[in-house]
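Reviewing the structure listed below.
The values are calculated or read from the model by the stated rules, or taken from the named source; none is laboratory data. Every value quoted in this text rests on a predicted model; they were computed, and no experiment measured them. Cβ placement follows ideal geometry from the backbone for every residue including glycine, while neighbour counts extend to all protein chains displayed. Accessible surface is based on the protein model in full, side chains and every heavy atom, while ligands, DNA and RNA are left aside. Shrake-Rupley method; radii C 1.70, N 1.55, O 1.52, S 1.80 Å.
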Amino acid sequence: METLLSSSPSVVVRSSLSPARTIASPSKLHSAVATFYSTPPVNGGFRRNHHPLPRPFTSSTAPKFSIRCGGGVKEIKESEFRSTVLESSRPVLVEFVATWCGPCRLISPAMESVAQEYGDRLEVVKIDHDANPQLIQEYRVYGLPTLILFRDGQEVAESRREGAITKAKLKEYVDSLLETISVA
């Protein structure tokens, strides 16, 4: 039989459970020993709906995420930005993303769809936030994902959009941008 001891003589708890962990804590005022017990067995030692506690992530067990580009979206780097975006004869929709960004992963399929659907009128590219700090600073990208439309080497006024967006809203956004630049 194990005993839970305290510096207070009035607190003594007795239990038939085996200890899971014992902690000793010295202090200037008093010293105490505490023993923590696991959940008592139910139904002959079997617990229903028992799920193990999740393990904390370490560098070797942390999930690895990537943002993949299908046939329509091209991932570019700072070195390719000038030739791909600024010198393009067609409008270019640039998506600033990061592998650790949940909303970026959420809109990735919608971006692929837009790239394929509007491929004859628009080019869609992705830029990794972490790998391209100069572009992030130059274009003042503060939230992810950030969408910016470029035409004739310039950012189109009022084209910047931050945050996740549904596929339907993304199509409305692209349609309005294409209409705006065709009128101008």
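Within the set of pairs 6 or more residues apart or between chains, which connect a residue that is among the acidic types (Asp, Glu) inside segment 109-120 to a residue that is open to solvent by 10 Å² or more (accessible area, probe 1.4 Å) with Cβ atoms less than 6 Å apart?
These pairs meet every condition: 112/70; 112/72.
How many residues does segment 72-107 hold that are assigned to a loop (DSSP other than H, G, I, E, B), open to solvent by 80 Å² or more (accessible area, probe 1.4 Å) and among the hydroxyl-bearing types (Ser, Thr, Tyr)?
The qualifying residues number 1.
Being touching a strand residue (DSSP E or B) at 6+ places or on another chain (Cβ under 6 Å) and either open to solvent by less than 30 Å² (accessible area, probe 1.4 Å) or under 10 Å from residue 93 (Cβ atoms) (or both) is the filter here, so list the residues in segment 123-134 that pass it.
123, 124, 125, 126, 127
Looking at residue 158, is it assigned to a loop (DSSP other than H, G, I, E, B), among the acidic types (Asp, Glu) and either open to solvent by 40 Å² or more (accessible area, probe 1.4 Å) or free of Cβ contacts under 8 Å to residues at least 12 places away in the same chain (or both)?
yes
Collect the residues in segment 143-184 that are over 19 Å from residue 129 (Cα atoms) and of a type in the set (Val, Ile, Thr), keeping them in residue-number order.
Answer for segment 143-184, where residues must be over 19 Å from residue 129 (Cα atoms) and of a type in the set (Val, Ile, Thr): 156, 166, 174, 180, 181, 183.
Which ones in segment 108-118 are in contact with a helix residue (DSSP H, G or I) (Cβ under 7 Å, 6 or more places away or on another chain) and either assigned to a helix (DSSP H, G or I) or open to solvent by 30 Å² or more (accessible area, probe 1.4 Å) (or both)?
110, 113, 114
Every residue, every condition in (1) closer than 14 Å to residue 143 by Cα; (2) of a type in the set (Asp, Glu); (3) in contact with an Asp or Glu (Cβ under 7 Å, 6 or more places away or on another chain); (4) at pLDDT 95 or above, yes or no:
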{"site": "66", "(1), (2), (3), (4)": "no, no, no, no"}
{"site": "70", "(1), (2), (3), (4)": "no, no, yes, no"}
{"site": "79", "(1), (2), (3), (4)": "no, no, no, yes"}
{"site": "82", "(1), (2), (3), (4)": "no, no, no, yes"}
{"site": "85", "(1), (2), (3), (4)": "no, no, no, yes"}
{"site": "95", "(1), (2), (3), (4)": "yes, yes, no, yes"}
{"site": "98", "(1), (2), (3), (4)": "yes, no, yes, yes"}
{"site": "104", "(1), (2), (3), (4)": "yes, no, no, yes"}
{"site": "111", "(1), (2), (3), (4)": "no, no, yes, yes"}
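So, in segment 169-184, of the ones that are closer than 14 Å to residue 158 by Cα and in contact (Cβ under 8 Å) with a residue 12 or more places away in the chain, which residue ends up surrounded by the most Cβ atoms within 10 Å (Cβ to Cβ)?
Ranking the qualifying residues of segment 169-184, first place goes to 174.
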